[in-house]
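The values are calculated or read from the model by the stated rules, or taken from the named source; none is laboratory data. What you are looking at is a predicted structure, and each value in this text was computed from that prediction instead of being measured. Methodologically, a virtual Cβ is constructed for each residue, glycine included, from the backbone with ideal geometry; neighbour enumeration extends over all protein chains shown. For accessibility, only protein heavy atoms count, side chains too; no ligands or nucleic acids. Shrake-Rupley method; radii C 1.70, N 1.55, O 1.52, S 1.80 Å.
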Amino acid sequence: MTRITADVRFLRGYNQALVLGVGRTARCFERSTVVQATGLTPQAVSKVIARLGADGLIRPTGARRPGVGKPAIVYELVPDSRYAIGAHVARRTLRLVLVDLAGTVRRSAVSPLPGDFTPPHLLDALRSGIDTMIGSTDVRNRLTGVGIGMIGPLDHAHGLVRGAHGLRHWHDVPLREIAEKHLDLPVHLDKDVTAGITAEAWRHGATFGDAALIMIESGIGGGLWLGGAAHRGAHTNAGEFGHTVVDLDGPRCVCGRHGCLEIVHRHATEAGDLARAARVVAVGVVNLLQTLDLAHVVLAGADLLRHPETYLAAVTEAVQADARRVDWLRTRVSLSGLGADAIAAGAAMQVLDQHYGIPELAQT
């Protein structure tokens, strides 16, 4: 492929993603709406709209009649033209969601995983769950692929689970490769928290600045959104928020260190001291804000959702008291609007991004 051909394909993909982005945000739009929002020329927008219409991704939904001139055709996104499956692999459960092109969760299901589950256990659970969720051939024919949000450490670039904390059968497992063979579908593998922050970015749109998603389940992690994209780090293993040390003389953690935020938090919850557990997380969030000047912190995770207001209040209070000058340094703290589906939904959105997102971002 020549450089010119590559540039043309990139440009087409880039322009297509811009128009689809307008469609997700505005739902109903005209050519002039896209021109104003993207800066593309009217001619370029017309070509993209024609291609998207031919592929069934958008459709005309009427016309607006201005005072002078031709009627302007109004278009809308066709959400059920494409789907993706998202999977959230936790230490105890497998959660699956079906997400449409607009990023809406259409179906959601959760099933238990065996204690100390193996790769074959997970692959069988994935195939069974996906078959049940897809149901009709019509949905299967519109399925773009499967996204998996998995416990780390994880090598996203090579599709490897390097040594998932607390799972002894998951050392250098090529999960992306074996899942594609087992499911006969394209598979995207990422850390659970990175998938989660992707979901938040999709839902908040262009106003979503530098941000973190703090997930509290059987473990604790932090997904990062920096400079308009998910931040994975030099070894694609960013996000081990729970394994930052908050007590030098603290208990030994599953990672082998002492006093990690995750193990200190766990001891507090096991002792029934929810207020202390929430404060431990709050201290970690403040430390993160002092390192990365973030505009938004989103709280998520099944364990957090059992006591959402306690965690939200503790983190908000700590951020206001210890991390910011309210006159010019402000950080918004909120709960994920996707609830327990946040990680799985984000994994599905990453699959859709690979096919219908900005090319330079979808490749990261």
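Results, tabulated for the structure shown:
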| read-out | value |
| --- | --- |
| Pick from segment 14-33, criterion of a type in the set (Gly, Ala, Ser) and open to solvent by less than 20 Å² (accessible area, probe 1.4 Å), ranking: modelled with the lowest pLDDT | 17 |
| Only one of 199, 109 that is within 30 Å of residue 27 (Cα to Cα) and open to solvent by 10 Å² or more (accessible area, probe 1.4 Å) | 109 |
| Pairs with Cβ under 6 Å, 6+ apart, first in segment 255-284 and farther than 24 Å from residue 154 by Cβ and open to solvent by 50 Å² or more (accessible area, probe 1.4 Å), second among the aliphatic types (A, V, I, L, M) and in a helix (DSSP H, G or I) | 269/277; 276/268; 279/314 |
| Residue count for segment 226-276, restricted to those that are farther than 26 Å from residue 149 by Cβ and assigned to a loop (DSSP other than H, G, I, E, B) | 9 |
| Per-region count, segment 299-354, residues within 20 Å of residue 208 (Cα to Cα), small (Gly, Ala, Ser) and open to solvent by 40 Å² or more (accessible area, probe 1.4 Å) | 1 |
| Test: residue in segment 143-151 that is modelled with pLDDT under 95, surrounded by fewer than 23 Cβ atoms within 10 Å (Cβ to Cβ) and part of a loop (DSSP other than H, G, I, E, B) | no |
| Search result, residues across segment 212-244 that are under 17 Å from residue 289 (Cβ atoms), surrounded by fewer than 19 Cβ atoms within 10 Å (Cβ to Cβ) and in contact with a Gly (Cβ under 7 Å, 6 or more places away or on another chain) | 244 |
| Residue in segment 281-297 that is in a strand (DSSP E or B), at pLDDT 95 or above and either under 20 Å from residue 149 (Cα atoms) or within 13 Å of the chain's Cα centre (by Cα) (or both) present | yes |
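Here is a yes/no grid of residues against (1) touching a Lys or Arg at 6+ places or on another chain (Cβ under 9 Å); (2) buried (at least 18 other Cβ atoms within 10 Å of the Cβ); (3) modelled with pLDDT of 95 or more:
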| residue | (1), (2), (3) |
| --- | --- |
| 58 | no, yes, no |
| 61 | no, no, no |
| 71 | yes, no, no |
| 83 | yes, yes, yes |
| 87 | yes, yes, yes |
| 98 | yes, yes, yes |
| 104 | no, no, no |
